[in-house]
1. Any idea which of Arg366, Arg372, Arg312, Arg331 is charged (D, E, K, R), more than 25 Å from Asn219 (Cα to Cα) and in contact (Cβ under 8 Å) with a residue 12 or more places away in the chain?
2. Any chance you could count how many residues in the range 122-151 are closer than 30 Å to Arg247 by Cβ and open to solvent by 80 Å² or more (accessible area, probe 1.4 Å)?
3. Is one or more of the residues making up the range 171-190 touching a residue at least 40 places away in the same chain (Cβ under 8 Å) and under 30 Å from Val329 (Cα atoms)?
4. Please find, among Phe106, Phe119, the residue that is surrounded by 12 or more Cβ atoms within 10 Å (Cβ to Cβ) and either touching a residue at least 60 places away in the same chain (Cβ under 8 Å) or part of a loop (DSSP other than H, G, I, E, B) (or both).
5. Provide a single number: the residues in the range 52-77 that are part of a helix (DSSP H, G or I) and surrounded by fewer than 18 Cβ atoms within 10 Å (Cβ to Cβ).
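The values are calculated or read from the model by the stated rules, or taken from the named source; none is laboratory data. Given the structure is predicted, the values throughout are model-derived calculations rather than measurements. Positions of Cβ are backbone-derived with ideal geometry, glycine not excepted, and every protein chain shown enters the neighbour counts. Just the protein is used for accessible areas: all its heavy atoms, side chains included, with ligands, DNA and RNA removed. Shrake-Rupley method; radii C 1.70, N 1.55, O 1.52, S 1.80 Å.
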Amino acid sequence: MSSMMDRSCTRLQAMGQLVKRAYKYRFYPTSVQAEQLAQTFGCVRLVYNKALEERTRAYQIEGRRVSYAESSAALTRWKRTEELSFLNEVSCTPLQQALRHLQAAFVNFFAGRARYPVFKSRKKTRASAEYTRTAFRWRRGRLTLAKMNIPLDIVWSRPLPEGAEPSTVTVSWDAAGRWFVSILVEEEIAPLPCSRAMVGVDVGLTHLAVLSSGEKIANPRHERADRRKLAKAQRALARTTKGSRNRVKARLVVARIHARIADRRRDHLHKVTTRLVRENQVIAVEDLAVRNLVKNRSLARVISDASWRQLRTMLAYKASWYGRELLVVDRWFPSSKQCSVCGVVGESMSLGVRDWVCGCGVHHDRDVNAARNILAAGLAER
Ligand SMILES: [Zn+2]
């Protein structure tokens, strides 16, 4: 065991590295800015969809792959036509960024890593526009986007790192009607001292996470109440008539509760993942494909899956920042019914069974036992 730890330490001991890190804040646009941004989002969607349509035609009819340069040249042509001249009213950068995103989506598709790109829907619950360095002004902590004459009114809920120089700025709007700006900066991350601890993490329904150490991390506070409110709001939404004003209102209520649950979860997950990465050299989790085997789409399950995904993402980048090792168990195994002490696989248990006694005499907490098996499987696979 100790030689394994040493291997991990020497291999991943980082010197301190420059990483790109996004800082996200809420902001309150003036009515003029809100209008400009809504128009920009509309143009981004149109350019993306039009380019996707052309690329699809080239791919399906001529079997040809269109390059970013070709899409970009097409954009220039569209802007010269009378019909699409309104594209000139918004900053060109977000439009070009949309084409770059489309290019990336095709690269991933052709590499077999992703599905064929889909159209951006007008009904989509989130819209965004990305501005690169030449399309915004950053002066003394004030951020002004291209085509705007006053800076954004940003709520600086946490400070940007000292002397940070933003390289990309993404403005977005969500279904709950909130505006966000995500600022990408380069930051020096100091490595953490090597740790000898290892942990397996099981993400469940009754707790946010259960650790192989036996610790159970509770779900965010108020979530039970929020879930009840959400279920109630969803029933109210279902009772409204399509296209009615009441439906629009009811949808907003649902979106706001969703947003509140997601925000609290995210804050909580940040704290938990930072702690896990600080304390442990090796962290083992299950892969999503494994979890997908359970086809139970209850609200609690949906929320749990979403936070599991976030936990994975956060652990992955934080582990790489701080020189830790993340092990992902990508093979299904009977994590909760196998005894983590003697290895015997017990009989199937319903979800209601929270603890059990193995033939070897060990008394197991179901989730802690699962977390221990995840750690063991992770170590065995690497
Ligand atoms: Zn046993």
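1. Arg331
2. The total comes to 5.
3. In the first step, residues of the range 171-190 are kept if they are touching a residue at least 40 places away in the same chain (Cβ under 8 Å); the result is 171-190.
Pick out the ones that are also under 30 Å from Val329 (Cα atoms) and you get 189-190.
Within the range 171-190, one or more residues are touching a residue at least 40 places away in the same chain (Cβ under 8 Å) and under 30 Å from Val329 (Cα atoms).
4. Phe119
5. Residues in the range 52-77 being part of a helix (DSSP H, G or I) and surrounded by fewer than 18 Cβ atoms within 10 Å (Cβ to Cβ): 16 in total.
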